[in-house]
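Q: Take a look at the following structure, please.
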Amino acid sequence: MFGKGGKNKPTSKITKIDTLIGHNSEITGDISFSGGLHVDGVVRGNIRADDDSGSVLSVSERGLIEGEVRVPNIMLNGSVKGDVYAAEHIELAEKAKVSGNVYYKLIEMMRGAAVNGKLVHELPESKQDFLPAPGLDQDEVDDEGVVKS
């Protein structure tokens, strides 16, 4: 989707794109959606989709979002100026730029992607889903997945 193929091509599958914001478009205001949203232009506002919706946001290298993003699945190759929350999966392609924190469950980050903020791993809802690193017992790891000293 983002490149000409080869090793750096993101592997995620995009669902059907229901909404397209073209490269000559600029939206001012918040967007709430379900399904697939592709941003090639500029959005000055927050973008949101329900965590359990399976929705996908893709942002091309020409795309810019100035606001908070809360979408379950994100494929980013453009820029976001604000915090990003990916309840399921985020893919940061080689031209992705985030000025803010990235909260994720599963992340893929290509060489060249940049995050000017924190990468924060969100733990599964149930501790039973959390498995400590090989060789560690569950009681050797705290609630945030950090090894106890």
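Q: Considering the options P72, G22, H38, tell which one lies farthest towards the positive end of the dipole of the range 21-94, charges being +1 on Lys and Arg and -1 on Asp and Glu at the Cβ, about the Cα centre.
A: It is G22.
Q: While we're here: Taking neighbour Cβ counts within 10 Å as the exposure measure, how do D83, D18, D52 sort from fewest upward?
A: Listed from fewest to most nearby Cβ atoms, that is D52, D18, D83.
Q: Here is a follow-up. Arrange the following residues from fewest to most other Cβ atoms within 10 Å of their Cβ: E94, E122. Mind showing how you got there, number by number?
A: Values: E94 17, E122 12.
Taking fewest neighbouring Cβ atoms as first place, the list is E122, E94.
Q: Restricting attention to the range 64-96, which trypsin sites (Lys or Arg not before Pro) occupy a DSSP loop and are surrounded by at most 11 other Cβ atoms within 10 Å? Numbers along the way, then the final one.
A: Numbers: sites: R70, K81, K95; in loops: K95.
When the trypsin sites (Lys or Arg not before Pro) of the range 64-96 are filtered for loop state and at most 11 Cβ neighbours within 10 Å, nothing remains.
None of the figures in this text is laboratory data; all of them are computed from the coordinates on show. Since this is a predicted model, take the numbers as computed values, not measurements. For neighbour counting, all protein chains shown are included, and Cβ atoms are generated from backbone atoms with ideal geometry for every residue, glycine included.
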